[in-house]
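Each remark here refers to the structure printed beneath this line.
The values are calculated or read from the model by the stated rules, or taken from the named source; none is laboratory data. Everything numeric here is computed off the predicted structure, so don't read it as measured data. Cβ placement follows ideal geometry from the backbone for every residue including glycine, while neighbour counts extend to all protein chains displayed. Calculation scope for accessible area: heavy atoms of the full protein, side chains included, ligands and nucleic acids excluded. Shrake-Rupley method; radii C 1.70, N 1.55, O 1.52, S 1.80 Å.
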Amino acid sequence: MPSFDEVLKEAGEFGRFQKRVFFLLCQTGVTFSFLFASVVFLGQTPGNYWCRIPGAAELSERCGWSLEEEQNFTVLPLRLGNGSSSGQCERLDIAWDASASCTSPLARYSNRSVGNLPVAACHDNWVYKQPHSSIVSEYNLVCANAWMLDLSQAILNLGFLAGAFTLGYAADRYGRILIYLLSCLGVGICGIIVAFAPNFTVFLIFRFLQGVFGKGTWMTCYVIVTEIVGSDQRIVGIVIQIFFTLGIMILPGIAYLVPTWQGIQLAISLPNFLFLLYYWFFICNTPALKTWEISETSLRASADPAPYFSPQITISNEEVSNPSFLDLVRTPQMRRNTLILMYAWFTSALIYQGLVMRLGIVGGNLYLDFFISGAVELPAALLILVTIDRIGRRLPFGISNIVAGIACLITAFLPEDIPWLKTTVATLGRLGITMAFEIVYLVNTELYPTTLRNFGVSLCSSLCDLGGIIAPFLLFRLAAIWLELPLIIFSILAVVCGVLVLLLPETKGISLPETVDDVERLSSHFGKCGKKRKHRDTNSYI
């Protein structure tokens, strides 16, 4: 019975149908990157805001004050009395009423010096120059409430985590395309509700759900693309990462042109509805179910292979009706692959996000800096495309992690008076970990059988979400002790990961495994230097 990859080799590994599906699904990488990084622009802290004194709004309206005049009457006395106060998280503990003077509202307190006026912490009633520019000003996520902004990103990552388990399982059980389309619909609907959330609680609930469905779109589209092409063309999975990077580069342009956070949220959510049109392009499903029936019609859709095959070819796979974690660790090779890949996902996400946030601490032009940080990732994808099909997956995977680790360690001990060198080495570390992050997607897909692939990728990539949740706490807590301490931790994690991934089997040029037995035999397919070994008696490849 021919395998699906054998069918593709005869039918065409990257025919018209595959190219069309590939191009369409790559657009998902752009929209997912919008969701992944949107908090940077949705959650910008307003540059100018202050805490309003009770009664100030009414007095300001009666006196016809501008916001600048109200700020001067409110904040200036506080600054004069307490030079360390900005007036953002505390206010004068007084109340203005109708008897207050428009020219000197503090005249009634003239018997006290400015420094003796009572001060109170601000709990609400903030005034923003641009009240709807971000969720920070919309929901007062400042001062004692600033941690809620971190919560909003943690909730999104929690949604990614939940989506990896629930929709990963559903895609294996009910089909990739169905779950992909439902996920696109869910991302769009939840994104609209997030944009018009009446309060922060509703915002969090639907941001979580948007994370669930967002992970479903990204995860299923990646698996579909890698499954519909032959083993020699599976490098196209790396190209999807380029579209993710393009999204990172486009996002600051959207945020620059759209002045409100609601507008940004709609701009990054509505395109998901366009993906529902893909239904009419998906003529045949991907190899996601337990049994595959490839009809003459569907094969013609891929590359007109009718001369090579009978009208119907049935390819049976080992049945896994309810995949679980035990299925991924039951056998030795599957267990080794799963544990190493889980660590690789965790490390890649932790270091990648940590380095991105560390660059953001420098300040400067947020829109330009964000664009440049995305552009740095393009050479990573190009290096992968040049090397991975020539020397394999394992060596670039290991070297990129080790290079990232060494670069982080060197950066930590470079003197501050050589900023160009420190920046250059840090960029090398960002390049290395980006390569590692992109390769782990491809390798993870190639090391699991068809019946467990989506579940396996979902489970392992869930460690990516865990790393994303931990990254900001690790970075900022350790940086408070010593600014470069996070880099040392990153370097240790990366080097260990680089060594571990060298223990994985090489998958270059190998058909996707269809059963657990195929995975267990995968390590014996290669001798030294990653070359296929021939069976002694049959002279055939084993």
Among the residues listed as Gln27, Gln44, Gln130, the single one being at pLDDT below 75, within 30 Å of Phe206 (Cβ to Cβ) and open to solvent by 40 Å² or more (accessible area, probe 1.4 Å): Gln130
The range 352-373 residues that are at pLDDT 80 or above, paired with ones that are assigned to a helix (DSSP H, G or I) and surrounded by fewer than 17 Cβ atoms within 10 Å (Cβ to Cβ) (beta carbon under 6 Å, 6 or more apart): Tyr367/Tyr256
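Please find, among Ser99, Ser66, the residue that is polar (S, T, N, Q), modelled with pLDDT under 70 and open to solvent by 10 Å² or more (accessible area, probe 1.4 Å). Walk me through how you get there before you give the answer.
Numbers: Ser66 fails: modelled with pLDDT under 70.
Checking each option against the conditions leaves just Ser99.
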Check on Cys184, within 29 Å of Phe17 (Cβ to Cβ) and either surrounded by 20 or more Cβ atoms within 10 Å (Cβ to Cβ) or hydrophobic (A, V, I, L, M, F, W, C) (or both): yes
Hits in the range 481-505 (condition: farther than 18 Å from Leu339 by Cβ and open to solvent by less than 20 Å² (accessible area, probe 1.4 Å)): Glu484, Pro486, Leu487, Phe490, Ser491
Condition met for Arg336 (open to solvent by 10 Å² or more (accessible area, probe 1.4 Å), out of contact with any Asp or Glu (no Cβ under 6 Å at 6 or more places or on another chain), modelled with pLDDT under 90 and in the same structural domain as Gly456 (by the TED database)): yes
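Every residue in the range 426-457 that is in a helix (DSSP H, G or I) and over 25 Å from Leu378 (Cα atoms), please.
Applying the first criterion (in a helix (DSSP H, G or I)) to the range 426-457 yields 426-446, 450-457.
If the condition is that a residue be in a helix (DSSP H, G or I) and over 25 Å from Leu378 (Cα atoms), then Thr450, Thr451, Leu452, Arg453, Asn454, Phe455, Gly456 are the ones that fit.
So that you can scan it fast, the table gives a plain yes or no per residue for (1) in contact (Cβ under 8 Å) with a residue 40 or more places away in the chain; (2) within 29 Å of Gly211 (Cα to Cα):
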position	(1), (2)
Leu409	yes, no
Phe413	yes, no
Leu421	no, no
Val440	yes, yes
Asn444	yes, yes
Thr450	yes, yes
Leu466	yes, yes
Filter result (part of a loop (DSSP other than H, G, I, E, B) and open to solvent by less than 10 Å² (accessible area, probe 1.4 Å)) within the range 135-169: Leu141, Val142
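From the list Leu428, Leu421, Leu414, which residue is within 23 Å of the chain's Cα centre (by Cα), at pLDDT below 90 and not hydroxyl-bearing (Ser, Thr, Tyr)?
On the way: Leu421 fails: within 23 Å of the chain's Cα centre (by Cα); Leu414 fails: within 23 Å of the chain's Cα centre (by Cα).
On inspection, the qualifying residue turns out to be Leu428.
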